[in-house]
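Notes for the one structure printed next.
The values are calculated or read from the model by the stated rules, or taken from the named source; none is laboratory data. Predicted model only: the values in this text are computed from it and were never measured. Every residue, glycine as well, gets a Cβ built from its backbone with ideal geometry; the counts of neighbours run over all protein chains shown.
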Amino acid sequence: MIDTGGIDVYLGLDVGKGEHHATALTPAGKKAFDKRLPNNEPKLREVFTRLQAKHGTVLVVVDQPASIGALPLAVARDTGCRVAYLPGLTMRRIADLYPGEAKTDARDAFIIADAARSMPHTLRDLAPDDDTRAKLEMLVGFDDDLAQEVTRTSNRLRGLLTQIHPSLERVLGPRLDHPAVRTLLERFGSPAQIRKAGRRRLVTLLRPQAPRMAERLVEDIFAALDEQTVTVPGTDAATLIIPSLARSLTAVYDQRKLLAERIAELLEAHPLSKVLTSMPGIGVRTAARILIDVGDASSFPTAGHLAAYAGLAPATRASGSSIRGEHPSRRGNKQLKRAFYLAAFASLREPASRAYYDRKRAEGKHHVAALTCLARRRIDVLYAMLRDGTFYQAPTPSPA
């Protein structure tokens with residue numbers, strides 16, 4: 001929730017690629033502006049300046065702050081307007097309260113403005129992004145796309161190997177993240193080619209990238225090859241595709257490696273980076289995601305609000321005597337929830353986190369539920385760290 005005191009006009013923007021629809025309402029609910037705006041700076045600046053000159057303080061509210069909504073927010077800040085964000089899911093639920101079933105830009109812009117006027121608790125504050133956070137958001141977004149590409153290409157490659165030689169896939173499939181295995185598939189795309197290369201040649205090929213596992217991997221490969229004597233139809237076609245997929249996978253991994261270095265450099269330059277990475281389980285990518293979505297946590301009144309935003313606060317359901325209890329929330333920021341979950345999993349090597357996880361398991365919770373409880377507890381600690389600007393301190397064990 002943001003403070004809307006002193007606002008003289010609420011400007012709702014239903015943003016679009018080429019143009020936006022803008023509806024401005026006074027605190028009394030009277031329309032002060034209702035037109036389409038081209039997505040360019042001069043026209044946006046003209047409208048914002050005119051509304052300020054005529055009415056006073058303007059609050060610009062959008063339902064999409066990034067991508068197509070980035071320019072209106074930047075111009076609004078530059079002209080002295082206040083800005084806020086109405087989450088799209090919240091906006092759609094609020095729309096059900098208004099009469100009519102039409103879905104138009106004008107109606108959406110009016111709903112955004114009226115929600116800001118009458119329900120300010122639904123708004124989220126949009127603090128001006130520093131340059132580091134803006135760069136991190138772009139790089140981390142691209143890294144997420146590359147991670148999905150890794151998954152897609154790996155699944156396609158494993159599918160082809162399973163089709164032509166299941167035993168070989170069981171050896172190579174789980175190791176596709178290793179550069180030595182990808183190099184092998186780039187050079188030899190079929191079981192016949194791998195067998196023809198021979199043990200000695202394969203060990204020589206793999207040893208520079210896998211010095212400790214080269215010989216063992218080659219033995220496992222030939223043991224798998226001996227389990228199948230028939231040639232499955234389509235193997236020749238797969239021989240052409242597998243090296244190409246392996247090269248594509250290597251290229252994506254190389255891109256992610258370069259991105260990780262750049263993200264680490266940007267993160268290092270941010271004053272909160274050392275605070276975030278001091279907590280066990282939080283690495284470069286996780287810290288970048290938290291910094292993008294949470295910042296210094298000043299927009300969240302309590303740690304519970306942050307947990308709810310991340311979808312880690314349990315939802316209570318009670319209806320009569322048949323439905324009672326708390327259940328995992330299905331809402332929240334999915335990417336942030338995943339980051340907190342993976343950080344909790346990585347922190348199990350720390351004694352305090354492991355002890356809490358084991359206690360939840362002893363209470364009867366399964367693995368995922370226990371990790372979710374651990375992630376929720378760590379949010380309390382992280383919130384205090386960000387609020388006070390302090391580093392993580394492991395809890396001291398109480399005396400027996």
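Table: residues versus (1) under 19 Å from TYR253 (Cβ atoms); (2) of a type outside the set (A, V, I, L, M, F, W, C); (3) in contact with a helix residue (DSSP H, G or I) (Cβ under 6 Å, 6 or more places away or on another chain).
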site	(1), (2), (3)
VAL171	no, no, yes
LEU176	yes, no, yes
GLY189	yes, yes, yes
ALA192	no, no, no
ALA197	no, no, no
PRO208	yes, yes, no
PRO211	no, yes, no
GLU215	no, yes, yes
VAL218	no, no, yes
**Asked** Within the set of pairs 6+ apart or on separate chains, which have a first residue in segment 249-275 that is under 14 Å from ALA147 (Cβ atoms), a second that is acidic (Asp, Glu) and at pLDDT 90 or above, and C-beta atoms under 8 Å apart?
**Response** VAL252/GLU149; TYR253/ASP177; ARG256/ASP143; LEU259/ASP143; ALA260/ASP143; ILE263/ASP143
**Hits in segment 248-280 (condition: basic (Lys, Arg) and loosely packed, with under 15 Cβ neighbours inside 10 Å)** = LYS257, ARG262, LYS274
**Asked** Can you tell me how many residues in segment 185-211 are of a type in the set (Gly, Ala, Ser), on the phi < 0 side of the Ramachandran plot and more than 36 Å from the chain's Cα centre (by Cα)?
**Response** 3
**Asked** Is one or more of the residues making up segment 109-129 at pLDDT 90 or above and more than 19 Å from THR23 (Cβ to Cβ)?
**Response** no
**Residue in segment 8-46 that is surrounded by the most Cβ atoms within 10 Å (Cβ to Cβ), counting only those that are aliphatic (A, V, I, L, M) and more than 16 Å from VAL62 (Cα to Cα)** = ALA32
**Request:** Name the one entry in LEU44, LEU126, LEU139, LEU89 that is within 25 Å of the chain's Cα centre (by Cα) and more than 22 Å from TYR309 (Cβ to Cβ).
**Result:** LEU139
**Complete:** Residue count, segment 11-57, condition touching a Pro at 6+ places or on another chain (Cβ under 9 Å) and either part of a loop (DSSP other than H, G, I, E, B) or not assigned by TED's automatic domain parsing to the domain that holds ALA84 (or both), comes to 3
**Request:** Kindly check whether there is at least one residue in segment 236-251 that is assigned to a loop (DSSP other than H, G, I, E, B) and at pLDDT below 95.
**Result:** no
**Prompt:** Would it be correct to say that PRO72 is under 20 Å from ALA134 (Cα atoms) and in a loop (DSSP other than H, G, I, E, B)?
**Reply:** no
**Asked** Taking the stated definitions as given, is GLU350 acidic (Asp, Glu), surrounded by 10 or more Cβ atoms within 10 Å (Cβ to Cβ) and at pLDDT below 90?
**Response** no
**Message:** Can you confirm whether GLY159 is outside any helix (DSSP H, G or I) and in contact with a helix residue (DSSP H, G or I) (Cβ under 9 Å, 6 or more places away or on another chain)?
**Reply:** no
**Request:** Within segment 203-217, count every residue that is part of a helix (DSSP H, G or I), surrounded by 15 or more Cβ atoms within 10 Å (Cβ to Cβ) and out of contact with any Lys or Arg (no Cβ under 9 Å at 6 or more places or on another chain).
**Result:** 2
**Complete:** Note on segment 48-81: residues in contact with a strand residue (DSSP E or B) (Cβ under 6 Å, 6 or more places away or on another chain) and either β-branched (Val, Ile, Thr) or free of Cβ contacts under 8 Å to residues at least 24 places away in the same chain (or both) are VAL58, VAL60, VAL61, VAL62
**Prompt:** Looking at (1) surrounded by 13 or more Cβ atoms within 10 Å (Cβ to Cβ); (2) within 29 Å of the chain's Cα centre (by Cα), which is the one condition that is false for PHE110?
**Reply:** (2)
